[in-house]
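Chemist: This structure is in structure tokens; I'll ask about it shortly.
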Amino acid sequence: MSANKEVKRITTNTLQKMKASGEKITMLTAYDFSFAKIIDGAGIDVILVGDSASNVMAGHETTLPITMDQMIYHAQSVIRGIDRCLVVVDMPFGSYQSNSDIALASAIRIMKETGAHSVKLEGGEEVVESIKRIVSAGIPVMGHLGLTPQSIYKFGTYAVRAKEEDEANKLRIDAKLLEKAGCFAIVLEKIPAELAKEVSKNISIPTIGIGAGGYCDGQVLVMHDMLGINTEFKPRFLRQYLNIHEQATKAVQQYIKDVKSKDFPNENEQY
Ligand code: KIV
């Protein structure tokens, strides 16, 4: 974090005001210093140090294997790259599900060791007690409902959630519970746009959507997907703004060619 006093920092209160004024909240994931610097410098409101690092940084199939130590390493790197945005850190699988004592200890560890501003955890009623304890300790909590990737083996699929009335109803109730427990925002992942619209209208805290349509108070994407670093993942909700995979491949191929042909380094590129 920089000591630059001129920078107007984004806080959870800023996000609340944005919801009230109808200004959309922007959130992207980041996992390292250099990309955090680019994303923060570009003016993003929130960086999520997502446990999607397990997929896009470590190459795992799911978010389950990433450890607390690894999340802390990513979050520390991100914090060193930012000046103004709010940083949220995902609590990894296993760090909060057992009981609220463990959840609180995990959240405190993340805050102490990373310098981040808040934590995110997945689930509704099942984790409400833990959310209350974490919030009581002064730690802002972002909730996460809908497709919660840490429960992938329960769902068995990454398909859209809450299409059926039972699950939609549970989500409506969970959103209210999370609001009451003191969450400052809720991620809504891969649910029907109409349901996300209704929930966003009925709770006072901001909703941040991913695959949840345009009525959420903000949007989040995984950086590797929107920049086209990872081109294998192409869900309908994703808008890809760059094709870094293609550009980087071409650059590396050119470098190989230049070295092999003895074009690189030339006279101006040596001492
Ligand atoms: O880990 C992550 O990147 C997330 C987003 C998909 C919201 O939780």
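Chemist: Only Cα pairs within less than 10 Å get springs; with that Gaussian network setup on the chain, which residue of 241, 73, 158 has the largest fluctuation?
Modeler: Maximum among the listed residues: 241.
Chemist: Can you give the net charge of the other residues whose Cβ lies under 13 Å from the Cβ of residue 68, counting K and R as +1 and D and E as -1?
Modeler: Details: positive: 109, 112; negative: 51, 69, 90, 113.
Counting the neighbours of residue 68, the net charge comes to -2.
Chemist: Let me ask another. Hey, what's the Cα Rg ratio for the chain versus the globular rule of thumb, 2.2 N^0.38 Å?
Modeler: The chain yields a ratio of 1.07.
Chemist: For the chain, with a Gaussian network of springs between Cα atoms less than 10 Å apart, report the residue from 71, 57, 226 with the top mean-square fluctuation.
Modeler: 57
Chemist: Oh, and also: Just to be sure I understand: with springs between alpha-carbon atoms less than 10 Å apart, which residue in 133, 172, 236 has the highest mean-square fluctuation in the Gaussian network model of the chain?
Modeler: Result: 236 has the largest fluctuation of those listed.
Chemist: Restricting to DSSP H runs of at least four residues, report the calculated mean residue ellipticity at 222 nm for the chain, -39500 (n - 2.57) per run over all residues, nearest 500 deg cm²/dmol.
Modeler: So the calculated ellipticity at 222 nm is -12000 deg cm²/dmol.
Chemist: If we count GluC sites (Glu not before Pro) as exposed when they sit in a DSSP loop and have at most 14 other beta carbons within 10 Å, what is the longest stretch of the chain that avoids them all?
Modeler: 62-163
Chemist: Give, as a single signed number, the net charge of other residues whose beta carbon lies under 15 Å from the beta carbon of residue 264, with Lys and Arg counted +1 and Asp and Glu -1. Show your work: numbers first, answer last.
Modeler: Values: positive: 257, 260, 262; negative: 258, 263, 267, 269.
That works out to -1.
Taken together, the values in this text are just the output of simple stated rules run on the coordinates, not laboratory data. Just so we're clear, the structure is a prediction, and the values are computed from it rather than from any experiment. Counting neighbours? That spans all protein chains shown, and the Cβs are built from the backbone with ideal geometry, glycine included.
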